[in-house]
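Remarks on the structure that follows.
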Amino acid sequence: MSEEITNDVPAAEAAPAAEAAPTATVAPTGPTSRPEGGYQSRGEGGYQRRGPGGPGGARRFQRRKVCPFLANKIDYIDYKDVKTLRRFVTDRGKILPRRITGVSAKYQRMLTTAIKRARIIALLPFRAE
């Protein structure tokens, strides 16, 4: 154990080798890889919905819903007309939103008021039974 390991290279030659090391590293500018099980790449343009016919195929547009009160020229929604009001209430007693029924904003407000009045005088239930 008394053996000493000697360096055969002189100290003057070893010093320049240490200076040749890079001083700054440059981060890659491209996209980084994601670990397995992560989100899938959305590609150019973000998330794409695939309709009938696949991407780039013929798409069908849903026909715009027409307000039933404007079509029938109804000016006032009567809270006593339970048959009409039931069409706009779910089985659980919730008022259906405009995007589903197609009712205009003005008539949706009138419809909500009429349904609430009908509930108070027990023509419509507050919730499912």
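The numbers here are math on the coordinates, done by the rules we state, and not lab data. Just so you know, these numbers come straight off a predicted model, no measurement behind them. Here Cβ is always computed from backbone atoms with ideal geometry, including for glycine, and neighbour counts include all displayed protein chains.
Listed by Cβ neighbour count within 10 Å, with the fewest neighbours leading, V82, V89 appear as V82, V89. Protection proxy ranking for 97-103, 72-78, using the average of other Cβ atoms within 10 Å per residue and placing the highest first: 97-103, 72-78. Compared with the direct C-alpha span, the chain from Q62 to R86 gains 6.2 nm at full extension, assuming 0.36 nm per residue.
Bridging of K94 to lysines at a Cα separation below 24 Å is possible for K65, K80, K83, K106, K116, once same-chain residues fewer than 8 apart are set aside. Amide H contacts under 5 Å for V89: L96, restricted to partners 5 or more places along the chain or on a different chain, H placed in the peptide plane at 1.01 Å from N.
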